[in-house]
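Participant: Okay, handing you the structure first.
The values are calculated or read from the model by the stated rules, or taken from the named source; none is laboratory data. In this text the structure is predicted, and so the values were computed from the model without any measurement. Using ideal geometry, Cβ is built from the backbone for each residue, glycine included, and neighbour counts are taken over all protein chains shown. Remember, those area values only see protein heavy atoms, side chains included, never the ligands or the DNA or RNA. Shrake-Rupley method; radii C 1.70, N 1.55, O 1.52, S 1.80 Å.
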Amino acid sequence: LFEEHGELLNLFEKFKELKTKEDQANSLELAEHASTVMNTLDEGIKGLDNLDAFFEYLHQVGASHRRIPGFKVEYFWKIEKPFLTAVETTLGDRYTENVENIYKITIKFIIETLIKGFDNANATT
């Protein structure tokens with residue numbers, strides 16, 4: 001995500017100084033943030049069997065991005081491609097066209113839900 005969209009690093013005070021790919025790769029804080037993002041996506045997918053909990057969780061995560069100065073709702077879409085690449089890498093030969101379509105629909109649904117949480121937080125502030 002940050003390799004392709006380095007401008008997003010500027011949103012995070014603790015990541016601003018990570019200008020090179022090597023700096024990013026060696027940053028424990030950035031690795032922890034990446035892990036948090038992937039865990040959020042994982043929890044979202046796991047939560048699909050309980051839609052009330054799914055929506056509540058992802059709406060809260062979306063709303064929490066209001067606290068990031070300069071964060072724009074369209075930034076949520078920038079995780080789509082890296083997420084799909086990570087799934088493809090993880091699944092290897094099991095990443096079929098059908099599986100790809102399922103994950104594309106899933107990530108789109110998750111991102112749209114995050115955006116709704118972000119937008120709803122704006123409506124209440």
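Participant: On the accessible surface of the chain, probed at 1.4 Å, how many percent belong to carbon and sulfur atoms? Walk me through the intermediate numbers first.
Facilitator: Values: 4220 of 8110 Å².
Here carbon and sulfur together make up 52 percent of the probe-accessible area.
Participant: With label points built 7 Å along Cα→Cβ from the Cα atoms of ASN120 and ILE45, find their separation and express it in nm.
Facilitator: According to this spin-label approximation, the distance is 2.4 nm.
Participant: How much mean residue ellipticity at 222 nm does the chain get from its helices, if each DSSP H run of length 4 or more adds -39500 (n - 2.57) and you divide by all residues, to the nearest 500 deg cm²/dmol?
Facilitator: Estimated from H runs of four or more residues: -21000 deg cm²/dmol.
Participant: I want to verify the translational diffusion coefficient of the stretch 33-123 in µm²/s; compute it with Stokes-Einstein, Rh as the Kirkwood radius over Cα pairs, at 37 °C and 0.692 mPa s.
Facilitator: Numbers: Rh = 13.7 Å.
My calculation gives 240 µm²/s for D.
Participant: Contour minus end-to-end for GLU13 and GLU74, with contour as 0.36 nm per residue of separation and end-to-end as the Cα-Cα distance? Don't skip to the answer; put the middle values down first.
Facilitator: Numbers: separation 61, 0.36 × 61 = 21.96 nm, distance 1.99 nm.
Gain on stretching GLU13 to GLU74: 20.0 nm.
Participant: Give me the accessible area per residue for the stretch 33-123, probe 1.4 Å, as a whole number in Å².
Facilitator: Numbers: 5590 Å² over 91 residues.
Solvent-accessible surface per residue comes out at 61 Å².
Participant: For ALA25 and VAL99, calculate 0.36 nm times their separation in residues minus their Cα-Cα distance, and state this gained length in nm to one decimal.
Facilitator: Stretched fully, the ALA25-VAL99 segment lengthens by 23.7 nm.
Participant: Taking θ as phi - 60°, what are the ³J(HN,Hα) couplings along the stretch 83-96 by the Karplus curve (6.51, -1.76, 1.60), each to the nearest whole Hz, with x for Gly and Pro?
Facilitator: 5, 5, 5, 4, 5, 4, 4, 5, 7, x, 5, 6, 7, 8
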